[in-house]
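Notes follow the structure.
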Amino acid sequence: MELLPRSPGEFASARYWDRFFRQRGQRAFEWYGAFPELCPILHKYVRPRDKVLVVGCGNSELSEQMYDVGMCEDIVNIDISHAVIRQMQERSGSKRPKMSYLLMDMFQMDFPDAHFQVVLDKGTLDAILTDEEEATLAKVDKMFAEISRVLQIGGRYLCVSLAQAHVLKKAVEYFSQEGWVVRVHQVASSGDKQQFVLPVFVYVMTKFRKMPDSAPRILEICPEEQDKPMRVESTERLVAVVKDRQHYALLCSQLSKMPCGEQVSLDLCDKESGRPRYTLHVIDSPSVKLSRDNPFAIFIIPQGRETEWLFGTEEGRKQLAVSAGFRRLVTVALHREQHYKDMAGIQAELSGKVMELAPPGLPARHQVPFLSVGGDIGVRTVRYCDTSPLSGEYVVEDVKGDGTCYFRRLIFLSNRNVVQSEVRLLDPVPLSGQKKRRKEKKKLGAADPPTAIDKSYLCCEHHKAMVAGLCLLGGPHPLPGTPLAVLVVGLGGGSLPLFIHDYFLQACVAVVEIDPSMVEVATRWFGFSQGDRMQVHISDGLDYVAKLAAEAQYDAIMFDVDSKDLTVGMSCPPPAFVEKLFLQKVKTILKPEGVFVLNLVCRDVQLKESVVATLREVFPLLYTRRIEGEVNEILFCQLNAERQRDPAELGALAQALERDLQQPGLPWDSSYTLADMLQAVKIL
């Protein structure tokens with residue numbers, strides 16, 4: 001049976017609708033939105049004494065239900081279909097004496113001006129505005145003009161719609177330009193996943209007298225979970241918010257019907273500010289055997305730990321989901337700009353929303369567990385935030401790691417899931433006579449983490465590997481007292497140059513940093529300082545290297561500089577730093593027995609192969625060390641191919657270097673060994 005039109009234009013044809021309703025018979029046809037879902041919104045805007053006009057009524061039961069529940073009785077229904085008007089007159093008849101059905105064209109209505117307090121449209125605008133052709137838009141303008149004419153000042157045009165972008169934009173622009181207040185409600189879902197995938201919206205346009213063009217337009221949206229409207233600044237923003245809601249509904253529908261092949265991510269935003277409050281990732285694990293107890297769980301990532309491999313990468317989250325033993329796991333990352341009271345508060349806030357992401361077949365009253373590391377939401381204290389003209393917005397924050405350790409991190413908000421620099425914090429050492437007082441002191445809380453910097457600890461795995469690479473220098477190994485000239489391009493928090501300065505006692509370290517703000521941050525927050533053997537040069541690394549005299553000056557050159565261009569598949573270093581011409585300049589300032597160490601972070605396989613090929617053209621000897629669980633790859637480049645060593649020999653050299661670095665009076669972190677850093681080195 002053909003019930004749908006051959007072309008969208010037939011939606012405006014009386015002939016089509018006559019045929020449609022004759023074929024459909026007495027069964028009510030609801031475009032979308034049943035009365036129980038629409039009722040809470042209609043109750044806000046339809047009063048019992050209002051005179052209501054329903055345009056394009058069809059054989060919907062909406063008017064009858066409004067009448068029967070006492071919402072309103074003075075209802076006039078119009079339609080262009082003879083068949084449906086006759087059908088509805090027979091159906092209502094004497095049962096609803098105050099309600100009428102009239103055969104009438106809404107583009108040319110017979111009613112006097114200002115005759116109604118409410119005009120109700122359920123799907124009619126959507127049926128008319130099927131495209132953006134000039135003739136269609138002219139027809140819609142005529143429809144809106146007639147609705148405006150028959151409405152009183154203060155009257156409401158209620159339009160139930162799926163809110164396609166061009167439909168919503170047209171309605172909002174037309175009526176807001178006329179000075180009307182425009183509010184868009186999202187209709188609360190009935191929970192029936194089979195009924196309609198896309199959410200239904202009600203546009204509420206309230207008529208006011210024509211205002212000057214300079215008067216501000218009032219545009220608002222009411223999401224389904226809140227009554228309080230949110231003001232938006234433009235039609236474009238309103239359309240974008242609605243589009244986000246539609247995408248979310250489609251996502252929930254897909255997740256409710258089948259497992260997701262790829263990880264799905266989405267942000268849940270704060271109602272007041274509109275800023276992201278939670279970032280969710282949905283991970284399905286088909287390899288986990290399904291049982292009654294493990295279909296679905298929520299994992300709250302402790303604050304400050306969202307950058308760790310287990311939580312911050314796709315592979316890590318896959319491993320987490322399998323280890324947790326749940327068929328579908330939703331990980332939840334907490335944002336630094338937001339405040340969270342405790343796990344119970346987060347659970348109460350999320351419990352309704354995350355159920356919309358439940359897997360297919362989940363029982364309605366299934367108790368979904370909320371998991372975390374030790375049941376803790378973590379500790380994050382933002383110490384400092386600012387904006388740099390070069391690096392953009394950044395924050396310095398203290399976070400509690402796994403266990404009792406605290407760490408201080410530098411984060412660029414343009415790439416908020418990447419830690420730029422990190423140091424471990426130490427409890428302050430008590431002075432003599434303060435031991436008793438210290439014992440009585442309460443444990444550190446969220447507002448009072450330790451502040452002393454542990455300079456013996458290299459938090460970043462790639463920094464450990466870069467230091468280990470110094471064993472490649474001339475002689476059996478570089479003694480800490482051997483004079484070394486080291487160039488480090490990229491300061492960050494200063495951990496790498498500071499470690500070299502402190503543990504290689506005769507090393508003179510030149511640091512090149514393009515952003516003066518980072519020097520201030522490193523000095524104030526990360527324990528960095530300059531002196532006779534440590535100098536920072538504010539310059540672009542490209543310019544600094546180019547201006548150096550073309551003579552061997554440095555025993556070691558280290559590039560640890562991030563790229564600000566996020567559109568390139570290489571985030572470290574910027575592409576210009578690995579161009580052949582520039583690398584040849586680097587070669588000229590490296591001593592014959594020296595080592596050039598490059599931190600390479602490149603997700604683009606072809607681009608990475610190109611970079612390695614260029615390095616090979618310039619440097620005869622090349623080693624590489626992949627950092628496990630990270631994208632980082634450390635490349636060690638030398639000028640003399642005859643000095644090639646196998647991994648076992650490199651490990652022995654690194655072990656010897658580590659013994660020499662452990663000087664009396666200097667703390668040493670024993671949680672890793674430099675030999676470990678070179679175990680997996682490959683010769684390219």
Requested in this report: Using packing as a proxy for protection, rank 212-223, 58-69, 460-471 so that the peptide with the highest average count of other Cβ atoms within 10 Å comes first.
Outcome: 460-471, 58-69, 212-223
Query raised in the report: Please identify the trypsin sites (Lys or Arg not before Pro) of segment 247-280 that satisfy two criteria: DSSP loop assignment and at most 15 other Cβ atoms within 10 Å. Which are they?
Result: 271
**Report entry** Burial ranking of peptide ranges 400-413, 295-308 (average Cβ count within 10 Å, highest at the top)
**Finding:** 295-308, 400-413
Query raised in the report: Can you give the accessible area of residue 43 in Å² (nearest 10), computed on protein heavy atoms with a 1.4 Å probe?
Result: 110
Requested in this report: Using only the Cα atoms of segment 97-149, build the gyration tensor, take square roots of its eigenvalues as a ≥ b ≥ c, and label the shape rounded, prolate or oblate: rounded if a/c is under 1.5, else prolate if a/b is larger than b/c, else oblate.
Outcome: prolate
Report task. Please compute P(r) over all alpha-carbon pairs of the chain, binned at 10 Å starting from zero, and give each bin as a whole-number percent. Result -> 3, 12, 18, 17, 15, 13, 10, 7, 5, 1, 0
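Looking at segment 460-683 only, what percent of DSSP beta bridges run antiparallel? Nearest 5 please.
Just about 45 percent of them are antiparallel.
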Report summary line: Projected onto their principal axes, the Cα atoms of segment 258-371 stretch, largest extent first, over whole-Å spans of 40, 32, 22
Query raised in the report: On average, how much accessible surface per residue is there in the chain, in Å², for a 1.4 Å probe, leaving out ligands, DNA and RNA?
Result: 47
Query raised in the report: Got the relative contact order for segment 460-683 handy, in percent, Cα pairs under 8 Å and 6 or more residues apart?
Result: 22
Query raised in the report: Leaving out ligands, DNA and RNA, what percent of the accessible area of the chain is carbon and sulfur, probe 1.4 Å?
Result: 51
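The values are calculated or read from the model by the stated rules, or taken from the named source; none is laboratory data. Keep in mind it's a predicted model, so treat the numbers as computed, not measured. Please note: Cβ atoms are built from the backbone with ideal geometry, for glycine as well, and neighbour counts cover all protein chains shown. Protein only, heavy atoms only, side chains kept; ligands, DNA and RNA dropped before computing areas. Shrake-Rupley method; radii C 1.70, N 1.55, O 1.52, S 1.80 Å.
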